[in-house]
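**Student:** My questions will all concern the structure given below.
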Amino acid sequence: RRFTHRFTRRTLYMEVNVKADVKELTRYLTRAQKKQIPFATSKALNEVAFDVRKTLQTVLPDYIDAPTPYTIRGVQVEKATKKKLVATVGFRGKGFGKGQGSVAPSDYMHYQIKGGTRTPRGTAIGVPTKHLRVNKYGNIARGKIKKFLANTTKYFSGTPKGIGGGAAGVWERMGRGGHGNIRMVVGWEPMAFYRKRFPFEKVVKQSVNVNFRKRFESALRFALGT
C-alpha cells in the first residue's frame, strides 16, 4: 500500500491508496467481471473509511483526556465514487468535512498529532489556573473569560502592581465587594507547547490493513452476484 497524508494546520486527513491490493485480488477475473471492479472498489473504500472513522473515535480517549463530543464528531469521511476511487478520513478543517464552529477540530488536533508550538489568535492564550473550575473536558468553559471581564467589580485583566513578570492574566478580587486579596484564575501565555500524543497515521494504517481485504472481497462478491 502507499499512504499519503496532509498534516497542515488547515488540513488533517489521510488518503489511502490500495491500487496494489485491488490488482492482486482481481488478477484472475474475466474481462466482463473486471467491469465490476470500480464499483466494488468504491464500495470497499467507503466501508473501510467508516471503519477507520469508528476506530479513530474509539481510541481518541486513550490518548486525549476526555475529548469533547465536538472533537469526536470532527472525525469525518469523504466518500469515494466509481469515477473517483479515493476515500478520505480525517479531522474537519478548511476544505474538508462539514460542521459549525469557529475553531475547526483540525486546528487544534494538529498539535496533538504532530506536536509543535501554538501561538494565539489574539495577543495571548488563556490558560486555567488551579483557582478556576474547568469543565469536564479540562477546558475553560466557552464564554467564561468574557463573563469574567464583563464583571469589572470582581475581575480584571493585566499584571497587578508589585508582582513580577509572568503574572499577566485574569485576576479575581476576593472578599466582600472585591476588597480582599486577589488571585489569578486565568493566565495569559504568549504560546503553548505540545508534544505528539495521538498516533493518527498509525491508527489509520492499522485499521486499513485489518479491514480492506475482507471489505473488498465482500464488495466484489456482491457486485458479481448482481
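**Student:** Give the number of residues within segment 112-147 that are modelled with pLDDT of 85 or more and under 16 Å from Phe193 (Cβ atoms).
**Tutor:** Count: 10.
**Student:** How many residues are of a type in the set (A, V, I, L, M), assigned to a helix (DSSP H, G or I) and in contact with a Ser or Thr (Cβ under 7 Å, 6 or more places away or on another chain) if we restrict to segment 168-219?
**Tutor:** Of all residues in segment 168-219, those of a type in the set (A, V, I, L, M) come to 168, 170, 174, 182, 184-186, 191-192, 203-204, 208, 210, 219.
After this cut, where a residue has to be assigned to a helix (DSSP H, G or I) as well, the list is 203-204, 208, 210, 219.
Now narrow it down to the ones that are in contact with a Ser or Thr (Cβ under 7 Å, 6 or more places away or on another chain): 203.
Adding up the residues that qualify gives 1.
**Student:** Could you tell me which residue of segment 125-167 is most open to solvent (accessible area, probe 1.4 Å), considering only residues that are polar (S, T, N, Q) and more than 21 Å from Gly180 (Cα to Cα)? Break it down into steps so the answer makes sense when it comes.
**Tutor:** From segment 125-167, those polar (S, T, N, Q) are 129, 135, 139, 151-153, 157, 159; that's our starting set.
When the remaining residues are screened for being more than 21 Å from Gly180 (Cα to Cα), the result is 135, 139.
Values: Asn135: 53, Asn139: 71 Å².
My answer is Asn139.
**Student:** Would you please name the residue that is most open to solvent (accessible area, probe 1.4 Å), looking only at residues in segment 63-83 that are under 15 Å from His110 (Cβ atoms) and more than 9 Å from the chain's Cα centre (by Cα)?
**Tutor:** First, the residues of segment 63-83 that are under 15 Å from His110 (Cβ atoms): 63-64, 67, 71, 74-75.
Still in the running and more than 9 Å from the chain's Cα centre (by Cα): 63-64, 67.
Working: Tyr63: 93, Ile64: 21, Pro67: 19 Å².
Within segment 63-83, the match that is most open to solvent (accessible area, probe 1.4 Å) is Tyr63.
**Student:** Just need a number here: residues in segment 22-46 that are part of a helix (DSSP H, G or I) and surrounded by 18 or more Cβ atoms within 10 Å (Cβ to Cβ).
**Tutor:** Taking segment 22-46 as the starting set, the residues that turn out to be part of a helix (DSSP H, G or I) are 22-25, 31-34, 37-46.
From what is left, the residues that are surrounded by 18 or more Cβ atoms within 10 Å (Cβ to Cβ) are 22, 25, 37, 40-46.
Residues in segment 22-46 being part of a helix (DSSP H, G or I) and surrounded by 18 or more Cβ atoms within 10 Å (Cβ to Cβ): 10 in total.
**Student:** State which residue is modelled with the highest pLDDT when the search covers only segment 1-21 and only residues that are charged (D, E, K, R) and open to solvent by 70 Å² or more (accessible area, probe 1.4 Å). Full working, then the answer.
**Tutor:** Initially, segment 1-21 is screened for residues charged (D, E, K, R), giving 1-2, 6, 9-10, 15, 19, 21.
Narrowing further to those that are open to solvent by 70 Å² or more (accessible area, probe 1.4 Å): 1-2, 6, 9-10, 19.
Working: Arg1: 38, Arg2: 38, Arg6: 50, Arg9: 48, Arg10: 52, Lys19: 70.
If we take residues in segment 1-21 being charged (D, E, K, R) and open to solvent by 70 Å² or more (accessible area, probe 1.4 Å), then Lys19 is modelled with the highest pLDDT.
**Student:** Restricting the first residue to segment 30-50 and requiring it to be over 27 Å from Val89 (Cβ atoms), which pairs with a second residue that is open to solvent by 10 Å² or more (accessible area, probe 1.4 Å) and assigned to a helix (DSSP H, G or I) meet a Cβ separation below 9 Å and a spacing of at least six or different chains?
**Tutor:** Gln33/Leu220; Gln33/Leu224
**Student:** If you don't mind, there's one more thing I want to ask. Does Ser102 qualify as being assigned to a loop (DSSP other than H, G, I, E, B) and either touching a Lys or Arg at 6+ places or on another chain (Cβ under 7 Å) or among the hydroxyl-bearing types (Ser, Thr, Tyr) (or both)?
**Tutor:** Criteria met by Ser102.
**Student:** Please count how many residues of segment 111-163 are under 19 Å from Met191 (Cβ atoms), assigned to a loop (DSSP other than H, G, I, E, B) and of a type in the set (S, T, N, Q).
**Tutor:** Qualifying residue count for the region: 5.
The values are calculated or read from the model by the stated rules, or taken from the named source; none is laboratory data. None of the values given here were measured: they were computed from a predicted structure. Glycine also receives a Cβ, built like all others from the backbone with ideal geometry; neighbour counts cover every protein chain displayed. To get the accessible areas, we keep the full protein, side chains included, count just its heavy atoms, and leave off ligands, DNA and RNA. Shrake-Rupley method; radii C 1.70, N 1.55, O 1.52, S 1.80 Å.
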